[in-house]
Amino acid sequence: MKNFKIKPVKNGIILTDNEGEEVVFQNTEDSEHEQFADFLRYLSNEYGPSDGRYSDARIYISVAPGDKHKDYKCPFCGRKDDE
């Protein structure tokens, strides 16, 4: 199993594994949440448990409005709080 070091930098995150390979996740003003989700997806794909469409459990990483935001919909059933 690989070990890795997470280094926060001013505009993102640098992930370095024990073999010296670096992966950079750079934030921009309009994509900070999506870039962090990409970072978590990368970790899940590289280091997490294997899962698939027919697995009994699966990890989902998504970016969505907060549950009190006007555009919020339940990610599983699609309903809004006021429905």
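For this structure, a couple of remarks:
- As a summary of the residue check, Tyr72 satisfies the conditions (1) surrounded by 13 or more Cβ atoms within 10 Å (Cβ to Cβ); (2) outside any loop (DSSP other than H, G, I, E, B) except for the one numbered (2).
- Scanning the range 20-41 for residues that are of a type outside the set (Gly, Ala, Ser), over 17 Å from Lys5 (Cα atoms) and part of a helix (DSSP H, G or I) yields Glu32, His33, Glu34, Gln35.
- Restricting attention to the range 1-19, the residues that are loosely packed, with under 10 Cβ neighbours inside 10 Å and part of a strand (DSSP E or B) total 1.
- Hits in the range 23-38 - residues which are touching a Gly at 6+ places or on another chain (Cβ under 7 Å) and farther than 19 Å from Ser62 by Cα: Val24
- Residue identified as modelled with pLDDT under 90, among the small types (Gly, Ala, Ser) and closer than 25 Å to Ser62 by Cβ among Gly20, Gly12: Gly12
- Scope the range 41-67; condition more than 23 Å from Gly78 (Cβ to Cβ) and surrounded by 10 or more Cβ atoms within 10 Å (Cβ to Cβ); matching residues: Tyr42, Leu43, Ser44, Asn45, Glu46, Tyr47, Gly48
- Within the range 24-33, the only residue that satisfies the criterion of being surrounded by 15 or more Cβ atoms within 10 Å (Cβ to Cβ) and at pLDDT 85 or above is Phe25.
The values are calculated or read from the model by the stated rules, or taken from the named source; none is laboratory data. Everything numeric here is computed off the predicted structure, so don't read it as measured data. So basically every Cβ, Gly included, is an ideal-geometry build from the backbone, and we count neighbours across all protein chains shown.
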